[in-house]
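Working notes, beginning with the structure itself.
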Amino acid sequence: MFRLDGKVAIVTGGSRGIGRACAEALAAQGAHVVVNYVKGEAAAKEVAEGIVARGGKAEIAAFDVGDTPATEKAIDEIAKRLGRLDIFVANAGIAIDGLLLRVKEEDIDRQLNVNVKGAIACAKASTKVMMRAKVGRIIFVSSVIGEMGNVGQTAYAATKAALLGITKSVAREFASRNITVNAITPGFIETDMTHGMNDAMKEQILKAIPLGRIGGAKDVASACVYLASDEAAYMTGQVLRVNGGMYV
């Protein structure tokens, strides 16, 4: 079950954290994975080389999803060179925290550009390829914050909530072409974004999680593999929550 042999997948923001775990998990199931990065070339190479060392197929590709023309060009070129594009994981995103009365306009714009416009650009470019094949899987990585909100993250929450609307709209638009579009909303996951938290902060978070632990990137990657597989062929426009019961 969940095999992805012969399929091509692109994972944006695939050099670390959740993106890295998704790239590795998809490759482990047989997919040829393209690991996207913006600045972390060394980290992206490490991910790809690790996949190849384990017998998988992977390569790296540099493009910034916040640059729509560059994103569309890169995705088109990858699909043409590899002959197909079956799975697109729109994981790239940024979070710039700040209380509402102090948040800077440029920080709001940057988050909207990467998290929202970038996701739309990725969907637009990937569906062009998938339409010709009349099959495809698009997976948006949103956040529990987009569902429940959080102090100091108004702009970030807005962008992640927007991804859910994008998911449902694109799912309806392309269902007739056998392209499924779903979202994953991770809860608090052990990544670079949580490493800076002190023990008191983590303790407070744990109290809000019924399962009593912070999740791992592999927990999210497992959901990603499922949504990318043939076993999820009848799921579209859905939001898969991976949050330990924090929000239900």
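The values are calculated or read from the model by the stated rules, or taken from the named source; none is laboratory data. Just so you know, these numbers come straight off a predicted model, no measurement behind them. Neighbour counts run over all protein chains shown; Cβ positions are idealised from the backbone, glycine included. Surface accessibility is based on the protein's heavy atoms, side chains included, excluding ligands, DNA and RNA. Shrake-Rupley method; radii C 1.70, N 1.55, O 1.52, S 1.80 Å.
Using the Cβ-Cβ distance between A200 and E105 with R0 set to 35 Å, the FRET efficiency works out to roughly 0.65. Net charge dipole, segment 118-188: roughly 420 debye, given to the nearest 20, about the Cα centre with Cβ charges of +1 for Lys and Arg and -1 for Asp and Glu.
Relative contact order of segment 128-248: what whole-number percent is it, with Cα pairs under 8 angstrom and at least 6 residues apart? Please report the intermediate quantities before stating the final value.
Numbers: 186 pairs, mean separation 40.0, N = 121.
Over segment 128-248, the number comes to 33 percent.
Add -39500 (n - 2.57) for each DSSP H run of 4 or more in the chain, then divide by its residues: what number comes out at 222 nm, to the nearest 500 deg cm²/dmol? Don't skip to the end; give the middle numbers.
Details: 10 runs with 113 residues, N = 248.
Helix-only estimate at 222 nm: -14000 deg cm²/dmol.
What ranking, highest mean first, results for peptides 98-107, 169-178 when packing means the other Cβ atoms within 10 Å averaged over each residue? Walk me through the numbers on the way to the answer.
Numbers: 98-107: 11.2, 169-178: 15.3.
Descending packing order for the listed peptides: 169-178, 98-107.
With protein chains left intact and a 1.4 Å probe, residues in the chain average 48 Å² of accessible area per residue. This model, with +1 at the C-beta of Lys and Arg and -1 at the C-beta of Asp and Glu, gives the chain a dipole about its Cα centre of some 680 debye. The lysines within cross-link reach of K39, meaning a Cα-to-Cα straight distance under 20 Å and a gap of 8 or more places when in the same chain, are K73, K117. For the peptides 83-89, 16-22, the ranking by mean Cβ contacts within 10 Å, running from highest to lowest, is 16-22, 83-89. Shape descriptor for segment 173-229: Rg over Rh equals 1.15 (Cα atoms; Rh from the Kirkwood inverse mean 1/r). The listed residues F140, F188, F2, once ranked by accessible area (1.4 Å probe) with the largest placed first, stand as F2, F188, F140.
Spin-label pair A62-T154: with each label point 7 Å from Cα along the Cα-Cβ axis, the two points sit 3.7 nm from one another.
Candidates M197, A121, G212 compared by Cα position along the dipole of the chain: farthest toward the positive end lies A121, with charges placed on Cβ. For segment 1-78, the fraction of 1.4 Å probe accessible surface lying on carbon and sulfur atoms is 52 percent.
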